[in-house]
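The structure under discussion appears below in the form of structure tokens.
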Amino acid sequence: PLILGLESSCDDTAAAVLRGRAVLSSVVMGQNALHEAFGGVVPEIAARAHAERLDLCAEQALDEAGVTLAQVDAIAVTAGPGLIGGVLSGVMTAKGLATALNVPLIGVNHLAGHALTPRLTDGLAFPYLMLLVSGGHCQFLVVRGPQDFTRLGGTIDDAPGEAFDKTARILGLPQPGGPSVEAEAAMGDETRFRLPRPLLDREGCDLSFSGLKTAILRQRDSLVEAQGGLHAQDRADLCAGFQAAVRDVLVEKTRRAIAAYLSETPAEPAFAIAGGVAANQTLRAALEALCADAGLRFTAPPLGLCTDNAAMIAWAGSELLALGVTHDMTLQARPRWPLDRDAAPLVGHGK
Ligand code: ATP
Ligand code: FE
């Protein structure tokens, strides 16, 4: 079927058209310029921008796909979790389209969109292990089905992307912090500053990253005090030390998640990394090596499908549709919506 997907849960307005596993178009309209001056995403501004742009974005996606609205077989939309104003805009737009076209409406969990992407890009079979690692999230999931996820653990405070961004801010590097810290780290010595590896002594797969930024802040301040400022090499060494700490923690916790996952003896053991931090080459290389050792297939979707997009929403929608899951006009936008299997179902679920 031809599926139109809509995404508006954070600061990207996105629309995409899929036919089967073919992504016919994926349009993402970012809002960086709108929020830049405020130092973060302003929910009211985001909601208004989504409301203004969703129709245009959908039109553009249909245009690029070379199809008309009348050909669309179903509408998939992010119904949460996220900033409620934006999610509401998307859900209302989707309800309008589904009613006008008289086609099924499918409410999709944004995180399920991320988690199911490796099925779209690499055709992974269930169950597979996923590390979702982004600016707002960090969790290990066993993905068993389009609505069946087991969370093995996750961050108890900051997400790694957030830690990269804060580290960049502390060291006076440009945003987003991930790419700039990675570039600096390539010129640095990761052994010069020994930064903490939080929670390694604690059992299980939970992670913590907030202590790392405090450690970076302290190192910076003591360097500034001792020598009146930061040398280029200090910056590079701090970035390298920080990135190595994130890598070591994620590798160790992934090792444990893999052990838990493999204890179920999956038929086709596979691991997928997703989210903006998955772009980090040092991290990818380390996780790829770990998977090779453990006998797991390693996959990482292309970056455009790792960060927020609507192709993943259309794909998750098509997986739900194949199970016969659609929603009616009582579909609700939810600000919070955990992925765990025992999470309460949506209103208007499973018609
Ligand atoms: P979420 O989707 O969880 O709500 P988000 O939209 O902020 O959060 P993404 O767009 O998936 O997340 O990812 C953005 C984050 O990824 C930023 O914090 C950015 O610094 C980080 N990032 C991007 N490239 C890299 C890189 N090469 N290394 C490390 N981090 C990176
Ligand atoms: Fe996201």
Which of H35, V249, G324 sits closest to the plus end of the dipole of the chain, meaning its Cα is farthest towards the positive end, when Lys and Arg get +1 and Asp and Glu get -1 on the C-beta? G324
When the convex hull of its Cα atoms is projected in every direction, mean area for the chain (nm²): 17.6
Which value, in debye to the nearest 20, gives the size of the charge dipole of the chain about its Cα centre, when Lys and Arg are +1 and Asp and Glu are -1 at the Cβ? 460
Here the FRET efficiency for T214 versus Q175, based on Cβ atoms and R0 = 30 Å and rounded to 0.05, is 0.95
Mean Cα-pair separation over length for the chain, i.e. relative contact order, pairs under 8 Å, 6 or more apart, %: 23
With +1 on each Lys and Arg Cβ and -1 on each Asp and Glu Cβ, how big is the dipole of the range 44-163 about its Cα centre, in debye rounded to the nearest 20? 360
Just want to confirm a number: the relative contact order over the range 1-111, from Cα pairs under 8 angstrom separated by 6+ residues, in percent. 32
What is the fewest-to-most order of D340, D63, D12 by other Cβ atoms lying within 10 Å of their Cβ? D340, D63, D12
Using per-residue counts of other Cβ atoms within 10 Å, averaged over each peptide, order 27-34, 148-155 from highest down. 148-155, 27-34
Selection from A185, Q175, G211, by position along the positive dipole direction of the range 159-226 (Cβ): G211
Could you put K166, K253 in order, starting from the residue whose Cβ has the fewest other Cβ atoms within 10 Å? K166, K253
Go ahead and estimate [θ] at 222 nm for the chain from helices alone: -39,500 (n - 2.57) per DSSP H run with n ≥ 4, summed, over the residue count, rounded to 500. -14500 deg cm²/dmol
For the range 256-346, what is the relative contact order in percent, using Cα pairs closer than 8 Å and at least 6 residues apart in sequence? 25
For the residue pair V224 and A22, what label-to-label distance in nm results when each label sits 7 Å from Cα along the Cα-to-beta-carbon direction? 5.6
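Each value in this text was obtained by applying a stated rule to the coordinates, not by laboratory testing. Computed from a predicted structure; not experimentally measured. Every residue, glycine among them, receives a Cβ derived from its backbone with ideal geometry; neighbour counts consider all protein chains shown.
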